[in-house]
1. In degrees from 0 to 90, rounded to the nearest 10, what is the angle of the helix 227-239 Cα long axis to the longest principal axis of the chain?
2. Please work out how much length the chain gains when fully extended from THR190 to ARG222, using 0.36 nm per residue of separation minus the C-alpha to C-alpha distance, in nm with one decimal.
3. Can you run phi through the Karplus equation (6.51, -1.76, 1.60; θ = phi - 60°) for segment 9-16 and list ³J(HN,Hα) in whole Hz, with x for Gly and Pro?
4. For the chain, what is the accessible area per residue in Å² when the probe is 1.4 Å?
5. With a bin width of 10 angstrom, please list the P(r) values of segment 170-245 as percents of all Cα-Cα pairs, from the 0 bin to the one holding the largest distance.
6. Straight-line reach from LYS98: which aspartates and glutamates have a Cα under 16 Å away, not including same-chain ones fewer than 8 places off?
7. After finding the eigenvalues of the alpha carbon gyration tensor for segment 1-139, what semi-axes result from the square roots of 5 times each, listed largest first in whole Å?
8. Connecting C-alpha atoms closer than 10 Å in a GNM of the chain, tell me which of LEU104, LEU78, LEU156 has the biggest fluctuation.
Amino acid sequence: MFPGATPFLARFLPAVTPSHTGIQTGFCNLHDFLRFLHDQDWYGFLHAGLGEQAAYVLVYEGRTVAAAALSSTGEQALGELLHLYGQGAPLSAYPLDKHLAHILSGVGSRAWKFNLTDDFTGLHARPGEAVFYDQGQVVATLPAGLSYEGAFPAPLRPQTLILPRSLAGWAHHSYAATLRGRDAVNAITTAHQGFRARYGQDGLTFQKALVDGLTPAEYALRHDVTLHDLEALLRDLIAAGYLKDD
């Protein structure tokens, strides 16, 4: 899709027809669009470019799981996509077969010397060619490679990227529970019943995690929850007097 691209992830993205193109910040809030993809269990990749700057994000099961920009990968590159979009960069979304998305989820900042096994899942690259493997079977080849031979093994289940502290500082903070907030996670109290009726089991699990000392970012990673969904819940819990900012 992006011949000659420097970031490894961008280099190995196949050419496909976009499902959404030309999305801009004045038209759509990016967090709302990411939530839409999450609700659809969408597979594919996102691209935003402005001048010489560009960012690429891989989406698996509706979750952002890999990202690359000209000088960063992972969470920092995801932040770069949000920054470019906020600056007016048009964004496009390209759907992928879920097996290809899984294979690409292992592409990071470096390739590894790796002896291919009979059940290898991931991408193997050499000069001029990249080979996509799923459980040891070749499922695709791409006329793009590396200057050396190396592999990008795909994780068994790709982990969700979390926005960096610079863009989502609230998610990396600890929050202290008030007395009311501690009562809310104690099943023998009346406060617990009211809390559960209002926020449900998911809200109760989140509150208990924060009471136990997890940050929202840590909770999101463990439970595959998107930060933009947690932010609204967190604000409500603080406003209702269950938590206070540490």
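1. With both axes taken from Cα atoms, the answer is about 10 degrees.
2. Numbers: separation 32, 0.36 × 32 = 11.52 nm, distance 2.87 nm.
Stretched fully, the THR190-ARG222 segment lengthens by 8.6 nm.
3. 4, 4, 4, 9, 7, x, 6, 9
4. Working: 12120 Å² over 246 residues.
Using a 1.4 Å probe on heavy atoms only, each residue of the chain averages 49 Å².
5. That works out to 21, 59, 20, 0, in percent per bin.
6. ASP39, ASP41, GLU61, ASP134
7. Details: eigenvalues 137, 54, 30 Å².
They are 26, 16, 12 Å, listed from largest to smallest.
8. LEU156
The values are calculated or read from the model by the stated rules, or taken from the named source; none is laboratory data. Since the model is a prediction, treat every value here as computed from it, not as a measurement. Cβ sites come from the backbone with ideal geometry, for glycine too, and all protein chains shown count toward neighbours. To get the accessible areas, we keep the full protein, side chains included, count just its heavy atoms, and leave off ligands, DNA and RNA. Shrake-Rupley method; radii C 1.70, N 1.55, O 1.52, S 1.80 Å.
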